[in-house]
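No value in this document is a laboratory result; all are computed from the given coordinates. Just so it is clear, the structure is predicted and the values come from calculations on it, not from any experiment. When we count neighbours, we look across all protein chains shown, and the Cβ atoms used for this are built from the backbone with ideal geometry, even at glycine.
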Amino acid sequence: MFNKRVKIKELLTWEPSNQEVVIMGWVRTFRNNQFIALNDGSTNQNIQVMADLGTLDEATLKRITTGASLKVTGSVIPSLGKGQKLEVKASVVEILGDSDAEKFPLQPKKHSLEFLREKAHLRFRTNTFGAIFRVRHALAFAVHKFFNEKGFVYMHTPIITASDAEGAGEMFKVTTLPFDNPPKNEDGSINFKEDFFGKATNLTVSGQLEGELAAMAFADIYTFGPTFRAENSNTARHLAEFWMIEPEMAFHDLEDNMNLAEEFIKYIIKYALDNNREDLEFLAQRLQEEEKSLPQEKRSEMGLLEKLDFVVNNQFERVTYTEAIEILRESNHNKKKKFQYIIDKWGVDLQSEHERYLVEKHFKKPVILTNYPKEIKAFYMRQNDDGKTVAAMDILAPGIGEIVGGSQREERLERLETRMKEMHIPTDELSWYLDTRRFGAVPHAGFGLGFERMVLFVTGMTNIRDVIAFPRTPKNAEF
Ligand code: ATP
Ligand code: MN
C-alpha cells in the first residue's frame, strides 16, 4: 500500500513528539538547501520539512525544486520558527515527480489573476485558488446538506433537451449532422428528422421545466447541474457553462419561495464560515490587499468576513419592482444621468448598474425584488391580479447583482396557455409540461441560483472566471 500519508491539515493538529510520519505533496519553496515548504492541498498552510545534507545526498537535494512532488518520511518535532508549532525532520525524501525549475510557470511570488487564468491547469497550486476551490467545494456540499435536511429529492434533469421554449438565453445546438452538407427539407431548411434525436436539440439553459414535473410528485425537489448559455456577453458575471441550483416546491407561493431562498443562502454562507474559516480569512486578506490600490470610494465598506456575517444575520430587504423603479427614478444618480441607462418609466428591465445601486448604495444589504412587469419575464410566471405584473422574485447581492431568479409558477392552465400564445410559444411541443396543469395542478414555486455567482460572493473574488476551474466564455474553451 502506497498511501500511508497523513494530510498536512491533520498533521498540523498533532503534538510533536518525534512520531514517525509519512507526508506527500508539492514543493512550494526550498530555502537554504535545507527548508522545504511542502503543500498537499488540504490547507493553504505548508508544512516545513527539514532536509539536511547530512541525511540527503546532493543529487536528491538538487531535485527539490518548486513544483516537484515528494514523499517524505520523517519525525514530527517542535518547530523553532515562529508561526508554526511543528515541523518534520526528514529521514527519507523520495522524489515522486521532478519539476524543471526553469520551465515551471509558477514562481514563488505573486502572480496576477490574469496570468493565472492562462495557467488554469496549474493555478490550483496557488494559495488563492487553493482557498477558492476548497470554499467552492464546501458550498456545494452545503447545498446538498441543506436540501437533504429538508427532505428534498435531488433530481438530475437532462443536459440535452429539445425544448427551445424557455427563453432563458441563447442556446448551443447539439447535432451529429454534417456541417458541410446537412440534409434539407424541400423549403431549404435543415431536416432535423435525420439528426441523431430525430429533432433539433440543444444544451439545456435550465432544468426548471423538468423540475416542475418532478415537484408534482415529490413536492420538494432540487437540481444542481451544469447549464449552458451561448450569450455573447463578455462580462465578469457571465459564463457560457455554469452550474445552477434549481429547487422547485409544490404548495409554495411567492412568499414561501422567498423565505426558502433567503434561508438557503444564509445556510450555505454560514456553513462556509463555520467550516472554512482559514480559507475565508486568507481570501479576506487578499481582498483587502487588492483594494489598497483602489481609491477610497471604490473600496468595500466591509471586510469579507464582516460582509458574510452581516448577510447571515440580517433580513434581506423585500421590495416590489414598482417601488424599486420609484427609488431609482428619484435617485440623484438618475437625475445626474450617472446611469448608462436612465430610468424614465415603469416597465423597463433593470440593468446590473441599477441592481447594484439598489443593493450597494440605497439599501446596503441583499434585496429581493418582486412582482416584475410580465413583459420582461418568462411565460411560466404566475400572473398577478393587476394584469400587469407577475409573481417573480430576483435576489440581488452586493458586488454581484442578480444571484437568484425565481417565481411562483402559473398553475392555471387557461391563463398559462393564453400567455404562451401571446408570446408565440408552441403549446403542442410543451404538451408534456402542460400536463402538470391538467392533472392535479397545485400552487408551486421555485428559483435558480447561479452557483458561480454565489462562490464569487463568498470568496470576494470579482471575476467569475476565477471561481470555476476551467471557464468557458466567448472565444475561450481552453483545457
Ligand atoms: P442575468 O440577467 O444576470 O444574465 P438571467 O436573468 O439571465 O441573469 P436567470 O435566467 O434567471 O438569469 O438564471 C438564474 C440564475 O443563474 C441567475 O440569477 C444567475 O445567478 C445565474 N446565471 C444566469 N446566467 C448566467 C451566466 N451566463 N453565467 C453564470 N451565471 C448565470
Ligand atoms: Mn442572462
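What is the distance in Å between the Cα centroid of region 298-330 and that of region 128-144? That distance is 24 Å. Of all DSSP-defined beta bridges confined to the chain, some 90% are antiparallel rather than parallel.
Computed packing ranks the peptides 336-348, 120-132 as 120-132, 336-348, most packed first, by mean other Cβ atoms within 10 Å. Between E20 and E301, how high is the FRET efficiency from 1/(1 + (r/R0)^6) when r is the Cβ-Cβ distance and R₀ = 51 Å? Nearest 0.05. That pair, E20 with E301, gives E of 0.50. For the pair F310 and E422 in one chain, pulling the backbone fully straight at 0.36 nm per residue adds 36.0 nm over the alpha carbon distance.
If you take the Cα centroid of region 233-289 and the Cα centroid of region 359-424, the two points sit 20 Å apart. Step through the table entries K270/K338; K199/K374; K335/K365; K9/K298, compare each Cα-Cα distance with 26 Å, and write down the pairs that go over it. With Cα atoms farther than 26 Å apart: K270/K338; K199/K374; K9/K298. Between D386 and R415, the simple label model (points 7 Å from Cα in the Cβ direction) yields a spacing of 1.5 nm. Where the centroid of each part is defined by its Cα atoms, how far is region 40-58 from region 426-474 in Å? Measuring centre to centre over Cα atoms gives 45 Å. Ranked for footprinting exposure by Cβ neighbours inside 10 Å, fewest first, K335, K266, K388, K109 give K109, K335, K388, K266. Each of T322, T161 was scored by other Cβ atoms within 10 Å of its Cβ. Arranged with the fewest first, they read T322, T161.
Here K4 is the anchor, and the lysines within straight C-alpha reach of less than 29 Å, apart from those fewer than 8 places off in the same chain, are K62, K71, K82, K85, K89. Evaluate E = 1/(1 + (r/R0)^6) for I160 and E291, where r is the Cβ-Cβ distance and R0 equals 56 Å; express this FRET efficiency to the nearest 0.05. E between I160 and E291, to the nearest 0.05, is 0.85. Note: relative contact order over region 318-430, using C-alpha pairs below 8 Å and six or more positions apart, is 22 percent. Taking other Cβ atoms within 10 Å as a rough exposure proxy, E478, E102 sort from fewest to most as E102, E478.
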